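These notes are about the structure you will find just below.
Derivation of every value follows stated rules applied to the coordinates shown; laboratory data play no part. Computed from a predicted model, the values in this text were never measured in an experiment. Don't worry about glycine lacking a Cβ; one is built from the backbone with ideal geometry, like all the others, and counts go over all protein chains shown.
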Amino acid sequence: MDHASTRSISFRLLGAVVGVLIVVLGILDVVSTNLVLAAGGKEMNPIVAWTMEHLDAWWHMPKILIHVVAGMLVYHMLYTRFTTALALMLVFLYAVVVHHNFSLVL
């Protein structure tokens, strides 16, 4: 059963916007991380550092895939004000991380 069709249009629209924001922030995180690394910085997340070591130039693919899946899950699971607040808090915190990365190099 497709639960997305039982939600109000506002929850569907908000879920789509938040899902897209998660994907866009993931892409911006990859871009900002590459800029920091090019400027001589170091990856502080041990899981991402491991993927960089083992996947070389393709390190960003699992990260982007995780963001695409997370965006789709948010779209399909955004039903209540509580889940909306959690998703928006996640977007805000991730935006702070991306902003921090860009502030290191710009």
Plugging the Cβ-Cβ distance of THR83 and ILE27 into 1/(1 + (r/R0)^6) at R0 = 25 Å yields, to the nearest 0.05, a FRET efficiency of 0.60
In nm, the gap between the two label points placed 7 Å beyond Cα toward Cβ at PHE102 and LYS42 is 2.6 nm
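Could you work out how much longer the chain between LEU65 and ARG12 gets when fully extended? Use 0.36 nm per residue separation minus the Cα distance between them, nm to one decimal.
16.9 nm
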